[in-house]
Every structure is written in C-alpha cells, then in structure tokens.
Amino acid sequence: MERMRAMSNLIERYVYDVTRRLPQADREEVGRELRSNIFDMLPDEPDQGEIEAVLLSLGAPARLAEQYRPRPRYLISPAVYDSYTKLLGLVLPIVGSVLMVLGAVMGSLEAAKLPAADAVRVISLGVSSGVSMAFEGALQALFWITLGFAIADRYRDQQGKTETWSLSDLPEIPADEASGISLTESIVELGLTALFGTLGILFCLGVLPFVFALRLEQIQVNTLFAPGFLRSCVPVVAVTAGLGLVESALKIYYRRWTVPVCAGVLVSGLANVAGLFYLAGRPEIFSRELSALLDSTIGRDLAFLSQLGSRGFNLLHLVLVVVVVATVFECASAVYKTVKSQRA
Amino acid sequence: MNENELIQGLITELRRGSLTLAVLGSLRRPHYGYALLQTLQELGIAIEGNTLYPLMRRLEGQGLLESSWDTAESRPRKYYRINETGERVFDALTLEWKRMQESFEAFVGKDAGNE
C-alpha cells in the first residue's frame, strides 16, 4: 500500500511539475490528460522502475510544459531583442560614467568635511561613493529599460500587431571599416574623461590634496599653483570634461563618422584650446613662493623659466602651439572622415 | 556539433511537418493518446509521447480535432477524432505532400542522372 502510494506520488509530482508552468486555465485539463496517458503507458501493476522509465521517456517537465504552452513565453521577444541590447549598450555606460563622477565628487566633498580628512580617506570615500552610485544607477537603468520593453512587447501582443516594415526602413551600409568608430575605444574614452575630469575638479577645489615640494638651497616651496589660478580652472575643467563626455556619447550612439559626431569633436577640441588659452592668459599661474624661488636661485642662465606666465614667446607659448596643432590635426581628421563617410 | 548530431537534428526537422499529416490521417478513427502513439509506431513512424500528446492538444486548439472524455471504463480516457475542418485541412496537406514528393523525386532523379 505504501509502495503504491509512493509510486502514485511520483506520477502526481511529475504532473504537477508540468502543469504548474502552464496558464491557469489549461492546468486541470492538461493534468487530467497527462495523468491518463501516463497510466496508459504503464502495465496494470507497475513497479518503481517502470514508472520511472515512463516519466523519464516523457522528458523534463519544463520541456514538456513548453510543448503544451499555447505561445512561446519570454520577457523580451526576439523581434525587439536587438534594439533592447543596443539601447542597454548605449545607456548603461553613460549612466554609469555620469553617476560615477557625481558620486565621486559628492563622496570626496563629504570626506573633506570630516575632522580627520586626509588624501587617502578622501580618495577612498570618493571612489567607493562613485562606484556604488554608478552600480546603483546602472541597475536602475537596466530595470526600467527592461520593464519598458517588456510592457511594450505585451501591449504589441495584445493589440495583435504584426511586424511591418518598408524598404525605406533599411539602414545604409557603412562604406568601410574606416567610417566606423570602435565602441570599446569610445567607452574607454568616456570613462577616462569622466575619471580625469573628476580628479581635475577635485584637485582644483583643493579637495584632493596634492603634495608638492621643491627644495633649492635650503628653501622649500610647498605650493605649485596660485590659488586664484586653481579657482579659475574649475569651470574650464568642468566645461571641457563635459563636452568631452558628450563627444564620447555621440561616438557611442552613432558608431560611425556622422555630422553630429564631427560637430562634437570640433566643439570639444575648440573648447579645449579656448580653455587652455584662457588659463595661459591668467596673470598668475604658479604660486608666488615658487616664482620667487626661481627668480632668486636659478639666475640669468635659466631666466626663461621665470618668464612662465608672462608676455613674450616662452615655454608656455610652445606648449600652446603644440596643443593647437594637435587639435587642428584632430579636427581636420574628423572632418575628413565624416566627409568620406557621407560620400560613400 | 558532430555530423551525426547534425543529421539527427535535420531528420527531426524533416519529420516535424509530416507528423501532423500522420496524426490527422490516423484520427479519422477515434484514438486516445497512448493508442495513437502505438498505432503510429506500428506504422513505422518514429514519434515519442512528449511530442504526440501536446501535438494532439495543439491541433484541437487549432480547430482540426474534436475530443471527448470516455468515463465508462475504469480509467477515464480522452478520445480525439478529426472534424470537418480537419478533413479539409488534411486533404489540402495531402495534395501539397504529393506535389512535394513529385518535385523531390524529379530533383533526386536529376541528380542521379548527373552522377
């Protein structure tokens, strides 16, 4: 009797495991039919081995349930899965990078207010805050995008809409590999811009302590830049980093040289040059104690060093020329690639 | 995937459409699930229960079969049989099957002639 009950229990468990995966309306009927078929496949007094053999021959309950299901079941249908993954690939890096910057700035500012704040503590709190905000933001973005696509898919199913397309929907074929922009490179560029932009702003605000020490003939100088100069750097770094992020985002979105991407490169490049010229034109770049030390100790042979930040052609002007030439080259390359891509 | 697995997979694909024809044709006489499984296997049609039972339910859902429970015997059984719509569909599928068979024989014959 016990044995019969155990064997019957095995069959019931199998039927349950199949029907629990089906719509409520189908469970009873399918269960009844499946139970009947299983008993028909067994001899009058089956033993444990025979029952197991029949259940194994029917296969995994999940697989059998899939056969019984009136329609395939998935969260995001194959028809829109490509669009879903493409959107995730675009949104998640941007959201993660932006929130990492915000989190790092906020965490560092909070850490700087603490009584025993030092460089290690500021950096570690900034990094941990940035990472946790980036992770949380990325998860939120993943959730909302997935939910949006799942709802749109169900709505489309309920409306009974079928996929329609026309020949005008067909995309243009990229001319060649040269007109394509590497996604990996663009994402790395985005991340590095966010990282160094954040570090730059924190340094200019004095939140990120920077240890500088120069010792010449018993005189030690501990500050590199003048405080006023650092304050004027903050908006410049913020704007140029922001435009850099936009440039990277455009590259990630379009993945090829288009007019908006080219515009992003030109605007970002020009902003970098303009920012550099603005900062170079500041009356005082280096700290007074450093300038005084250089004036008094280096002497006439190396007098050009003391002219840093003043009028006349000097080392600073050389740096500006190099940056301008590099920027012009980068912008010209972007324009060339865009024109070539548009003509193809 | 080795060659044997590939062949088995393609054979399964080849059989899939013909099974519907076999089931509709067999259900001109009422059968319950396991009885139809035995009938088809005796005719040399390789089919398993986990394929046949859901197929019968699906064809009923498509309006090609009718079903009824027989509770007269010791164990209740669900009997299926083809209905009028199913008959018309079966005739259309049979016609298409014959056309495909003729095309395929011509194809195989053409290839054999070229060897």
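The values are calculated or read from the model by the stated rules, or taken from the named source; none is laboratory data. Remember, it's a predicted structure, so these values are computed and weren't measured experimentally. Cβ placement follows ideal geometry from the backbone for every residue including glycine, while neighbour counts extend to all protein chains displayed. Please note that ligands, DNA and RNA were not included when accessible areas were found on the heavy atoms of the full protein model with its side chains. Shrake-Rupley method; radii C 1.70, N 1.55, O 1.52, S 1.80 Å.
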Checklist outcome for this item: Being closer than 30 Å to A:Leu56 by Cβ, of a type in the set (Val, Ile, Thr) and surrounded by 11 or more Cβ atoms within 10 Å (Cβ to Cβ) narrows B:Thr20, B:Thr85 down to just B:Thr20
Item to check | Whichever residue in segment A:48-63 is surrounded by 14 or more Cβ atoms within 10 Å (Cβ to Cβ) and at the interface with chain B (Cβ under 7 Å from one of its Cβ atoms) and, among such residues, is farthest from the chain's Cα centre (by Cα) | outcome: A:Leu58
Checklist entry - With respect to the numbered conditions (1) surrounded by 15 or more Cβ atoms within 10 Å (Cβ to Cβ); (2) within 14 Å of chain B (Cβ to nearest Cβ), which one is the sole condition not fulfilled by A:Pro72? => result (1)
Next on the checklist: I'm trying to understand the selection: among the residues of segment B:23-55, which are open to solvent by less than 40 Å² (accessible area, probe 1.4 Å), assigned to a loop (DSSP other than H, G, I, E, B) and more than 14 Å from every other protein chain (Cβ to nearest Cβ)?
Outcome noted: B:Leu27
Checklist entry - Of (1) without any contact (Cβ under 8 Å) to a residue 40 or more places away in the chain; (2) touching a Gly at 6+ places or on another chain (Cβ under 8 Å), A:Glu12 satisfies all except one. Which? => result (2)
Checklist entry - What are the residues in segment A:13-25 that are more than 13 Å from chain B (Cβ to nearest Cβ) and open to solvent by less than 70 Å² (accessible area, probe 1.4 Å), if any? => result A:Asp17
Checklist entry - Given (1) surrounded by 11 or more Cβ atoms within 10 Å (Cβ to Cβ); (2) part of a helix (DSSP H, G or I), where does B:Arg99 come up short, assuming only one miss? => result (1)
Checklist outcome for this item: Note on segment B:42-75: residues closer than 24 Å to A:Leu56 by Cα and either within 11 Å of the chain's Cα centre (by Cα) or among the aromatic types (Phe, Trp, Tyr) (or both) are B:Ile45, B:Ala46, B:Ile47, B:Thr51, B:Leu52, B:Tyr53, B:Leu55, B:Met56
Checklist outcome for this item: When restricted to A:Glu33, A:Glu45, A:Glu28, A:Glu66, the only residue within 14 Å of chain B (Cβ to nearest Cβ), open to solvent by 70 Å² or more (accessible area, probe 1.4 Å), assigned to a helix (DSSP H, G or I) and closer than 22 Å to B:Ser74 by Cα is A:Glu28
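What are the residues in segment A:94-123 that are among the small types (Gly, Ala, Ser) and touching a residue at least 12 places away in the same chain (Cβ under 8 Å), if any? Before the answer, list the steps.
Taking segment A:94-123 first, the residues among the small types (Gly, Ala, Ser) are A:96-97, A:103-104, A:107-108, A:111-112, A:116-117, A:119.
Result: A:Gly96, A:Ser97, A:Gly103, A:Ala104, A:Gly107, A:Ser108, A:Ala111, A:Ala112, A:Ala119.
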Checklist entry - Taking interchain pairs and intrachain pairs at least six residues apart, which have beta carbon atoms under 7 angstrom, with the first residue in segment A:218-243 and open to solvent by 40 Å² or more (accessible area, probe 1.4 Å) and at pLDDT 85 or above and the second among the polar types (S, T, N, Q) and in a helix (DSSP H, G or I)? => result A:Leu243/A:Ser268
